[in-house]
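The values are calculated or read from the model by the stated rules, or taken from the named source; none is laboratory data. Here the structure is a predicted model, which means the values were calculated and not measured. So basically every Cβ, Gly included, is an ideal-geometry build from the backbone, and we count neighbours across all protein chains shown. Surface areas here come from the heavy atoms of the whole protein model, side chains and all, with no ligands, DNA or RNA. Shrake-Rupley method; radii C 1.70, N 1.55, O 1.52, S 1.80 Å.
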Amino acid sequence: MKTIISRRTLVRIISFSVAIIAVLAAADIVYMCRLSRAESSTEYGYQEAVEELAQSADKISTTLTKGLFASSPKMMQKLSSELLSEASNAKNALTKLPVATSNLEKTEKFLSQIGNYAYAMSATAADGTTPSYEDYQTMSTLCDNAEAFAGELWSLKSKLLSNDKTITELFSELEDGGESFLADGLSTVEEGFENTPKLIYDGPFSDHILEKTSEMLENAEEVTEDEAKEIAASYCGLEAYRMKTAEYSEEGTMPSYRFTANGVTCSVTKSGGYVCYMLKRQEVKTSNLGAEEAVEAAQTYLENLGIEDMTETYYETYNGVCTVNFAYSEDGVTCYTDLIKVAVALDDGEIIGYDARGFLMNHVERELLEPTLSETEYQSNLSPMLTVIGSGMAVIPSDSVDEKLCYEYRCQSTDGKTVLVYVNTETGEEEDILILLETEGSVLTV
């Protein structure tokens, strides 16, 4: 007997089938999207791990280098703590990579040795013992290896990001014994440890400059918004009516009014009515000026504002803009806490940035104590790896944001690096060590 399906029933069956197919297709799309997101998340995690590993290697190299120039137990203990922390960070990043431990056995061993070495140096420093010549030799070798290690990792990261294959695929091929730049790169990293014995454009100390209450602003007279607008307009060379008040003002440790006009942003403190910063939105396409000309333009700018006794310290050139750091100088003492930054466009020399927050936060009338010992007496206690080529006095902040008066020794290391060592003029303790990086268009410290 033949079954007859009505036209209406047939349409319903077809519609129902199409609906099921659509639902299944949609579910498949959702699943594929989730899978894709998971793969992207995993891939990003691997990229992040490679970068974390390279950054830690950089910091290990820098800390070991500073160790070569340290001579006091207190400084060695501080550097040992930093070294231990970065070795731990590097090992943690290493565990995030999809690679068998056997392929990076020497790398893991090196990081463990760094940690053990840091523990040993910390214990020695705690006993009040200064490093021996053998300690410096060991540190020097570790430093060379860490520097090479970091270089290989950054090179490897660059190749990973520019390759058509994902990091997951590349590491999978490595596990299967495949030949690739990844295998060669990791092999180079491992070979670098054959002889193992067992990095501001803000300038130095800038992390501390905004962490306390400003004495300069604390007792200053309050200004109204209209008064602040007039100050901002005058500073930017515009009529006051063109200055628009920003949607929000700045509070925190330095309450300020913010104004904008024609691509310019200017902030004026509510106490005292000081311009704390100015930024101009300007694209710089060419570089017609050199760093020296930019520094001169920045210096002239401050002089025209009536800001005196500022000494150029460090500068950085980036994307056609040279940012110059100035520190207040008082009776021959450089106060790195009292910082002003000026940004100069290298196409036409226009000032497109000014930041006086460091100066406003820290500038006070200081009574500097007489040093307990002379520069020469302290100099004799510096690391034997350093030769002093110049010296002076400087005010720097401590970790507790208090200020310390130090002798600033500009030194040359045995391998040609320029090193700045800060020795407390009262206690004779090394307070900080900075390595000067001088490149075309920039003078920075790490």
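Taking the conditions (1) surrounded by 14 or more Cβ atoms within 10 Å (Cβ to Cβ); (2) touching an Asp or Glu at 6+ places or on another chain (Cβ under 9 Å); (3) of a type outside the set (Val, Ile, Thr) in turn, residue 238 satisfies each one other than (2).
Only one of the numbered conditions (1) surrounded by fewer than 16 Cβ atoms within 10 Å (Cβ to Cβ); (2) assigned to a helix (DSSP H, G or I) is violated by residue 365, and that is (2). Of the residues examined, residue 340 is not one that is of a type outside the set (Ser, Thr, Tyr), open to solvent by 20 Å² or more (accessible area, probe 1.4 Å) and part of a strand (DSSP E or B).
Return the residues of region 81-124 that are modelled with pLDDT of 80 or more, of a type in the set (Gly, Ala, Ser) and either open to solvent by less than 30 Å² (accessible area, probe 1.4 Å) or over 25 Å from the mean Cα position of the chain (by Cα) (or both); say none if nothing qualifies. Within region 81-124, 87, 90, 93 meet the criteria. For region 318-340, a residue qualifies if it is at pLDDT below 85 and on the phi < 0 side of the Ramachandran plot, and exactly one does: 318. Just one of (1) out of contact with any Phe, Trp or Tyr (no Cβ under 6 Å at 6 or more places or on another chain); (2) assigned to a strand (DSSP E or B) trips up residue 335, so point out which. Looking at each condition in turn, residue 335 falls short on (1). Within region 244-271, restricting attention to residues that are of a type outside the set (S, T, N, Q), modelled with pLDDT of 85 or more and open to solvent by less than 30 Å² (accessible area, probe 1.4 Å), the residue that is nearest to residue 231 (Cα to Cα) is 268.
Scan region 315-336 for residues that are polar (S, T, N, Q) and surrounded by 24 or more Cβ atoms within 10 Å (Cβ to Cβ) and report the count.
Here is the first cut: in region 315-336, the ones polar (S, T, N, Q) are 317, 319, 323, 325, 329, 334.
Adding the requirement that they be surrounded by 24 or more Cβ atoms within 10 Å (Cβ to Cβ) leaves 325.
The total comes to 1.
Go through 395, 419 for me and flag whichever is under 30 Å from residue 216 (Cβ atoms), of a type outside the set (Phe, Trp, Tyr), at pLDDT 90 or above and surrounded by 15 or more Cβ atoms within 10 Å (Cβ to Cβ). Before the answer, list the steps.
Numbers: 419 fails: under 30 Å from residue 216 (Cβ atoms).
After ruling out the rest, the residue left standing is 395.
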